[in-house]
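The values are calculated or read from the model by the stated rules, or taken from the named source; none is laboratory data. Everything numeric in this text was worked out from a predicted model, so none of it was measured. Please note: Cβ atoms are built from the backbone with ideal geometry, for glycine as well, and neighbour counts cover all protein chains shown. These area figures cover heavy atoms from the full protein model, side chains too; ligands, DNA and RNA do not enter into them. Shrake-Rupley method; radii C 1.70, N 1.55, O 1.52, S 1.80 Å.
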Amino acid sequence: MSLDAILIACVVAAVLALVVGGALGWAASRLPPATDRLVEHIEALLPQTQCAQCGYPGCRPYAEAIARGEVEIDRCPPGGDAPVRALAALFDREPRALDPAYGRPDQGALVAWIDEARCIGCARCLPVCPVDAIVGAPRHMHTVVAERCTGCELCLAPCPVDCIELRPVHSNRHRWHRAA
Ligand code: SF4
Ligand code: SF4
């Protein structure tokens, strides 16, 4: 093989390497960082109730803290044991029970119920509901759309007359839609 041919082959190989390297670099820059993908994956395993019972202001911040290794995977009461088992599998760890400090996994699904006779229509419960499950107008009674409620308890504290309580969900094919 002549020297020219060897030189041409080297140049072609170098150009090819540059092009492929550039393409891979561009592709890598388009992909979300590994941590973001991990956060997405963790968040997808959480029940999206945004209830803050884990001590974080929503499922995403909790997923980010887990991804950073800051917090344990056993703090999500609404999801019960299922998310804990799924997260343990994701991290190749032994499953563990839900931390009772954050709730009882055996309490079953709950929804909020407003005693409409006692409601004074102050509307303080409306803005705290992360899923807009409460309907009502100022100075009129308010009520909960049970099909939307996740049982996150966030509306209990702001109610000045304590007319909101959590009740077990009596599943029937018309009402039960949230994944167990
Ligand atoms: S109605 Fe109350 S318990 Fe139900 S999702 Fe809204 S804030 Fe949470
Ligand atoms: S906070 Fe209580 S009293 Fe006020 S509107 Fe809601 S349910 Fe009614």
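What residue, among those in region 149-163 that are open to solvent by 20 Å² or more (accessible area, probe 1.4 Å) and near ligand 2 (Cβ under 7 Å from one of its atoms), is nearest to TYR56 (Cα to Cα)? This residue is PRO158. Answer yes if at least one residue in region 89-96 is surrounded by fewer than 16 Cβ atoms within 10 Å (Cβ to Cβ), more than 16 Å from ligand 2 (Cβ to nearest atom) and modelled with pLDDT under 85, and no otherwise. Looking through region 89-96, at least one residue is surrounded by fewer than 16 Cβ atoms within 10 Å (Cβ to Cβ), more than 16 Å from ligand 2 (Cβ to nearest atom) and modelled with pLDDT under 85.
Just for region 133-148: of the residues that are among the hydrophobic types (A, V, I, L, M, F, W, C) and assigned to a loop (DSSP other than H, G, I, E, B), which one is least open to solvent (accessible area, probe 1.4 Å)?
ALA133
Within region 24-41, residues that are modelled with pLDDT of 65 or more have Cβ atoms under 8 Å from residues that are in a helix (DSSP H, G or I) and open to solvent by 60 Å² or more (accessible area, probe 1.4 Å) in these pairs: VAL39/ARG60; VAL39/GLU64, counting only partners at least 6 apart in sequence or on another chain. Given the structure, is PRO77 in the same structural domain as GLU43 (by TED's automatic domain parsing), surrounded by 12 or more Cβ atoms within 10 Å (Cβ to Cβ) and at pLDDT below 90? When the stated conditions are applied, PRO77 passes them. Screening GLU116 with (1) within 9 Å of ligand 2 (Cβ to nearest atom); (2) assigned by TED's automatic domain parsing to the domain that holds CYS54; (3) acidic (Asp, Glu) gives one miss only, at (2).
From the list PRO83, PRO61, PRO130, the one residue that fits, being of a type outside the set (A, V, I, L, M, F, W, C) and in a loop (DSSP other than H, G, I, E, B), is PRO130.
Considering ALA157, ALA133, which residue is within 21 Å of GLY55 (Cα to Cα), among the hydrophobic types (A, V, I, L, M, F, W, C) and within 12 Å of ligand 1 (Cβ to nearest atom)? Can you show your working first?
Working: ALA133 fails: within 21 Å of GLY55 (Cα to Cα).
Result of the check over ALA157, ALA133: ALA157.
Quick one: is GLY103 crowded, with 17+ Cβ neighbours inside 10 Å, more than 29 Å from VAL71 (Cα to Cα) and not acidic (Asp, Glu)?
Values: crowded, with 17+ Cβ neighbours inside 10 Å: yes; more than 29 Å from VAL71 (Cα to Cα): no; not acidic (Asp, Glu): yes.
Spelling it out, it is not the case that GLY103 is crowded, with 17+ Cβ neighbours inside 10 Å, more than 29 Å from VAL71 (Cα to Cα) and not acidic (Asp, Glu).
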